[in-house]
1. Which of rounded, prolate or oblate describes segment 280-399 when judged by the alpha-carbon gyration tensor and an a/c cut-off of 1.5?
2. I need the helices of the chain that pass two filters: whole DSSP H segments spanning 30 Å or more by Cα along the axis, and mean Kyte-Doolittle score no lower than 1.0.
3. Test of the criteria: in segment 52-109, which GluC sites (Glu not before Pro) are in a DSSP loop and have at most 15 other Cβ atoms within 10 angstrom of their Cβ?
4. Lone cysteines in the chain, defined as no other cysteine's Cβ under 4.7 Å from theirs: which are they?
5. What is the projected area of the convex hull of the Cα atoms of segment 208-363, averaged over all directions, in nm²?
6. Would you mind calculating the gained length between N184 and R303 on full extension (0.36 nm times residue separation, minus the Cα-Cα distance), in nm to one decimal?
7. For the pairs K118/K247; K261/K412; K124/K415; K247/K481, flag any whose C-alpha to C-alpha distance is greater than 22 Å.
8. At what distance in nm do the modelled label points of N452 and E114 sit from each other, each positioned 7 Å from its Cα along Cα→Cβ?
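Read-outs: derived from the displayed coordinates by stated rules, not from any lab. Remember, it's a predicted structure, so these values are computed and weren't measured experimentally. We place every Cβ from the backbone using ideal geometry, glycine too, and count neighbours over all the protein chains shown.
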Amino acid sequence: MGTIFRYRRLGRAVVLPSMFAAVVAVMAAVIVLGASRAAAQNVKTYTRANVDQWMSKYADAKPDFKPGDVLGSKDLERIRPFVPPGWFEQLNFPEFKMEIMAARSHMPRKDFQECTEKYQAQVKLNPDGSLANYVCGQPFPNASLSTSDALSGIKAAWNFDYRWQNYGEFSLNYLFIVSQFGGNHDGDAPKLIESPPSNWVGGVEYHSKLPTDASKFFGGGGSFARTLSSFYRRVYFSHLAQRADQKGFLGTPDSGQFLWKEFTGFFSPYDVRGQVFITYRYADPHRADDAWAYDPQSRRVRRVSVEVKSDSVEGTDTTQEDFYTFSGRELHWHWKFLGWKDVLAVLDSRDDYAHLFGPNGEIPNDRWSLRRFAMVERTPVEAHHPYSNVVMFWDAENWHPWMALAFNRDGKLWKLWELQCRWTEDFHSFAEINHGVESTMLIGEDVVDLQNDRATIFAGFGSGYPDAVPANVTQLFDISKLEEMHR
């Protein structure tokens with residue numbers, strides 16, 4: 001981050017007293033920016049040891065700031081105990097500021113809590129780490145998780161996988177913005193937010209309008225190389241707390257076979273327009289996912305392999321298994337519970353849409369709160385996986401994700417995921433698909449490739465947790481209808 005200055009040998013000069021303060025100010029700015037650049041370079045050498053040292057040193061740190069304070073670049077050392085290394089260095093720029101707000105209750109809705117109370121005591125782990133006797137709600141109590149218990153890692157993973165999300169996330173337009181560090185995106189920031197094909201949205205009733213100019217949300221620097229518009233929907237079919245009286249099933253004939261189905265369709269720019277990907281995640285944790293893709297150029301549906309989940313998604317810095325910090329299959333990973341940690345995060349955004357700034361345009365310009373997180377590590381079973389391990393931060397109250405730090409095969413910090421969220425009851429636009437859900441809603445995500453000085457910015461517009469109409473859900477995920485669903 002920052003700016004590289006090149007100096008020439010200067011001839012003799014006379015500096016007037018009135019110019020001296022300006023010279024000092026410029027040199028001070030150079031020192032600050034140079035330090036910022038050095039910090040960004042040092043991040044490339046970070047390993048798990050840096051994270052472990054931070055956790056150990058600041059395990060019981062108490063803040064010297066309070067709700068209502070607005071902290072800036074001069075306050076970075078005050079927030080270091082509550083910001084993971086690698087992410088902390090990204091906040092080191094002169095314009096940085098964070099408004100501190102009080103942490104709010106993010107307890108899941110009453111029906112999810114009732115499921116937890118009714119069924120949690122009967123949930124067990126099978127010898128292979130899969131769940132036994134799980135119906136709905138949170139599988140394992142937080143109090144049962146301990147750093148000294150080897151099984152706490154997989155228990156935490158199941159708590160995360162079965163967190164409260166109503167019927168799953170929906171976004172009319174999820175922007176994928178591929179950005180290079182440095183430079184600016186003047187003229188390249190997204191403006192008009194397009195709507196997806198209407199037949200993709202069937203069954204979701206809404207009256208709110210998408211923003212007509214979104215460029216105000218994308219401040220700061222960063223060179224925006226490419227922007228894609230996508231429609232996204234994930235629908236959960238089983239273990240639904242709101243349908244506990246129907247055995248937790250959505251109500252389609254095949255509900256018992258699936259955990260969720262996922263639809264991602266691209267409609268801009270022209271070269272990706274009409275591409276659709278559908279993934280089935282089965283209720284049986286041992287059964288491999290199925291996935292299909294529709295190619296508008298050939299007008300053909302083809303089955304695609306999703307067992308290799310570590311490939312880049314549409315040229316971005318994320319992978320399919322990294323959605324929501326983890327969207328893979330639990331039994332393909334080794335798990336370790338690392339403990340609880342108070343961390344500053346944007347989980348109660350002040351606006352319906354994420355606002356970003358900073359030298360590379362990926363830092364939330366928002367309000368932050370100090371919340372308790374479970375820190376959980378996953379290590380791949382597959383020896384040739386590009387990650388050596390990933391450390392994730394999941395909210396202790398409702399198990400929603402906030403951050404992940406991935407390390408490459410050389411043990412160096414490679415990528416980080418930082419999510420911005422808003423409480424569903426706070427939405428003004430698209431309140432009709434959020435109010436009453438009582439959950440944390442993802443409105444934006446930054447995936448930063450620290451080794452290659454680039455990022456992918458994901459920005460959600462028209463997002464929420466709508467109810468699911470079984471007939472419309474069946475139609476959306478019908479593979480035989482994919483050819484009919486292109487624009």
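1. oblate
2. Details: long enough: 17-43 (40 Å, 1.53).
Counting only whole DSSP H runs, the qualifying helices are 17-43.
3. Answer by residue number: E95.
4. C421
5. With the hull built on Cα positions only, its mean projection is 13.6 nm².
6. 38.9 nm
7. Flagged as over cut-off: K261/K412; K124/K415; K247/K481.
8. 4.9
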